[in-house]
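One structure is given below, encoded as structure tokens.
Readers should treat all values here as calculations from the given coordinates under stated rules, not as data from a laboratory. These numbers were taken from a predicted model, which means no experiment stands behind them. Here the Cβ positions follow ideal geometry from the backbone for every residue, glycine too, while neighbour counts run over all protein chains shown.
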Amino acid sequence: MATSKKKNPVKKTAKKTVKKTAKKATKKAAKKSPAKPAAALGPYTPVVRAGDWVIVSGQLGVAEGKIVAGGVAKQTAQAVVNLKAQLKSAGCTIHDVKKTLCFLTDMDTFATFNAAYVAGFDGSRPARSTIGVASLPFGGAVEIEAWAFKPLR
């Protein structure tokens, strides 16, 4: 007896809602984009060049010195805005990123995180690892580290 797979309309609607929320959060965060990259929140260098590589330390969803309210979508959108500011300070764009390492405190929010991440990366699809962690600094839910390749010549 053949069975047909029907798509779950509730699941499909939920996916659309997640994508809409992520896009909205990304646009809102981009409007508040910092003119210059934020200072490091600890004893580390936020961005460093090593030859043709630019390495950006993990960026949290921080604006004006605090984790942004509103959950994973908004924190991811802000983390991407912060990442773009750090990249810009080193002469790079999001399209130069070749690898990201992402940390989530709740892997159940992966779909929401993923939608906001995709919206923020402007069509770029670098290699990526996403790891679930127990906690992040300042109570953040998301952190994004990046490696960009931008030849000096």
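Would you please give the FRET efficiency between ASP122 and TYR44, computed as 1/(1 + (r/R0)^6) with r the Cβ-Cβ distance and R0 = 25 Å, to the nearest 0.05?
0.40
A simple rule links phi to the HN-Hα coupling: the Karplus curve 6.51 cos²θ - 1.76 cosθ + 1.60 with θ = phi - 60°, which for region 51-68 gives x, 8, 9, 10, 10, 10, 4, x, 9, 8, x, 10, 9, 6, x, 9, 5, 5 Hz, with x for Gly and Pro. Ranked by the mean number of other Cβ atoms within 10 Å of their residues, highest first, the peptides 130-138, 62-70, 112-120, 85-93 fall in the order 112-120, 85-93, 62-70, 130-138.
Distance between the modelled labels on ASP52 and ILE131, one decimal in nanometres: 2.7 nm (7 Å Cα→Cβ projection). Ordered by the count of other Cβ atoms within 10 Å of each Cβ, fewest first, ARG49, ARG153 give ARG153, ARG49.
With the cut-off at 1.5 for a/c, could you classify region 38-80 from its C-alpha gyration tensor as rounded, prolate or oblate?
Details: a/c = 3.85, a/b = 1.90, b/c = 2.03.
Oblate is the answer for region 38-80, as a/c is 1.5 or above yet b/c matches or exceeds a/b.
In this structure, the pairs whose alpha-carbon distance is over 19 Å, taken from LYS66/LYS99; LYS74/LYS99; LYS98/LYS150, are LYS66/LYS99; LYS74/LYS99. Each Lys or Arg adds one and each Asp or Glu takes one away; over the other residues whose Cβ falls under 12 Å from the Cβ of SER57, this sums to -2.
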